[in-house]
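First up is the structure itself, then whatever we jot down about it.
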Amino acid sequence: MNPLSRLRARVRRAAAPTTHRTGRRAGPPPARPPRPGAAADSARAAGPPADPPAGETGAGGPGAARGPWGGGRVGSALRRAREDVHVVCAKDPAVCSPWEVLLYPHLHALWLHRLAHALYVRDHRVVARAVALFGRKVSGGIDIHPGARIGRRFFVDHGCGVVIGETARIGDDVMLYHLVTLGSVGWWHDATRAPGAQRHPTLGDGVVVGTGACVLGPVEIGPGSVIGAKSVVMTSLPDRSRVRAGLVLPHGQDRGGEHRGPANGAVLPFRSGEPGSGDQRPGGPGAGYRREAE
């Protein structure tokens with residue numbers, strides 16, 4: 001070994017860490033304990049966390065759930081509950097305060113229905129039925145099948161004796177009075193339908209159904225329509241129609257867009273700009289709808 005090689009080997013041995021007793025190479029030095037408060041200082045230096053990209057709710061990517069209820073679901077449920085209270089305050093002049101609205105029976109039925117529907121779509125049918133039965137008991141007889149789909153700002157005035165079937169579809173801003181039935185036309189007709197076919201009505205946005213009225217079968221009621229008390233509707237109606245109280249519209253009767261006078265019929269679709277068109281609430285469909293001559 002030449003002198004240069006011996007010098008290099010001596011330098012490498014001198015640079016390697018050794019123990020004092022054995023002269024062997026020592027392992028890595030023990031890690032020093034973190035200084036108290038170092039993690040907080042690092043977080044402050046890094047600044048607030050960046051917002052997730054659009055369509056993502058957490059570290060798991062699109063639709064990732066945060067917590068047992070998922071990202072933002074509790075907040076969304078609370079916002080919808082507040083919206084339900086506000087719509088009652090807007091439509092019922094008998095309300096004295098929002099706290100009084102919490103005692104309205106249809107709210108308990110509606111909120112329990114949302115829970116029952118969530119269980120129903122996840123195929124927990126027996127539990128969903130139990131929740132729906134409890135909602136019927138605490139609401140004084142509002143019977144909503146867990147499979148029914150109900151939109152936002154749904155209001156049942158004087159909720160009692162209301163029946164909503166499994167495949168019923170209800171839009172936003174719909175108002176029902178007591179003793180309303182959204183049902184089918186009978187099991188003998190439903191037995192001939194394909195499995196999963198719709199058997200109950202579809203109500204468009206802003207529909208008002210009066211006391212004791214029945215809307216039966218897989219019919220569609222156009223947005224903004226008003227169905228009078230004690231009437232029976234078994235045919236589809238165009239948008240912004242009015243059905244006179246006590247009238248029976250049998251299955252298959254064509255009312256597409258016609259405008260009949262009081263003597264010839266009672267389905268009166270509103271025309272744009274017609275006096276009395278609009279909603280029962282300020283600015284909505286049906287406000288001050290015109291009365292029909294008796």
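Running Debye on the stretch 184-250 with equal point scatterers at the Cα sites and no solvent, what base-10 log of I(q)/I(0) appears at q = 0.13, 0.21, 0.25, 0.27 Å⁻¹? Once normalised to I(0) and log-transformed, intensities are -0.34, -0.80, -1.02, -1.13.
Rg of the Cα atoms in the stretch 168-223, relative to 2.2 N^0.38 Å, amounts to 1.16. A full extension of the chain between Asp239 and Ala197 corresponds to an added length of 12.8 nm, given 0.36 nm per residue minus the alpha carbon distance.
Placing R0 at 45 angstrom, the Cβ-Cβ distance between Val248 and Arg122 gives a FRET efficiency of 0.70 after rounding to 0.05.
The equivalent ellipsoid that matches the C-alpha gyration tensor of the stretch 69-146 spans semi-axes of 24, 17, 8 angstrom, in descending order.
Just so you know, all these numbers are worked out from the coordinates, no wet-lab data involved. These numbers come from a predicted model, not from an experiment. Glycine gets a Cβ as well: all are built from the backbone with ideal geometry, and neighbour counts include every protein chain shown.
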